[in-house]
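First the structure, in the form of structure tokens, and then the observations on it.
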Amino acid sequence: MDKLIDYLIELLRNIKNMDKAKLAKELRQIAYHANKQLFSQIPGVSAIVGILVGSWLASTFTNSPIKGFLSSVGIMKGGTHVVSTTTYRFLSILFPVVATAVSAYIVQKALKAYRGRRVERNMAHVAQLAQEIQSELSDKMSLLEKVRDAGLISESEYQTKIANLYQSYSRDSLSRIEEIIIKKLES
């Protein structure tokens, strides 16, 4: 750890004298690692829903420590309903798991509809391209259909490959932010 700190201090001292190409290389490396850490640590939507349901469950079916203490010494009456330990344990597993599964299902259905609209839009763009490009795309599509018919890829993989194929020929491309959001929704 000390070597890393020493390296960073030395890097900051030499930044004025540093070659611009070397500085750009260092900044790209920092951006790469920051991007890797930031976007690989974000939980998926279904995980967040599971956490929120678990938090709601804990706050609904248990007393907070403060309310529990105040009601035990007679200063406060009641608090939230408290269920038996067995019921609470059962619900604390069942509710978040069911909520996670349902949210993953809903997200996948929404993404499927979104992809369908994008493929239709990309097909319209490709229809406006030159005949030789459309012929090339047609050849690739027939090859992809043969691969699917041979059982080498599933229907889902086939649909994904069609979407990617049309995307590569279309002028309409996903922004980096859209790609990140879609990947996080899928996880």
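Bear in mind that the values in this text are calculations on the coordinates, not laboratory data. Keep in mind the model is a prediction, meaning the values are calculated, not measured. All Cβ positions, even for glycine, are placed from backbone atoms using ideal geometry, and neighbour counts span all protein chains on display.
Results, tabulated for the structure shown:
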| read-out | value |
| --- | --- |
| Rounded FRET efficiency, nearest 0.05, which uses the C-beta distance separating LEU11 from GLU132 and R0 of 45 Å | 0.30 |
| Ranked ARG148, ARG89, criterion: other C-beta atoms within 10 Å, fewest first | ARG89, ARG148 |
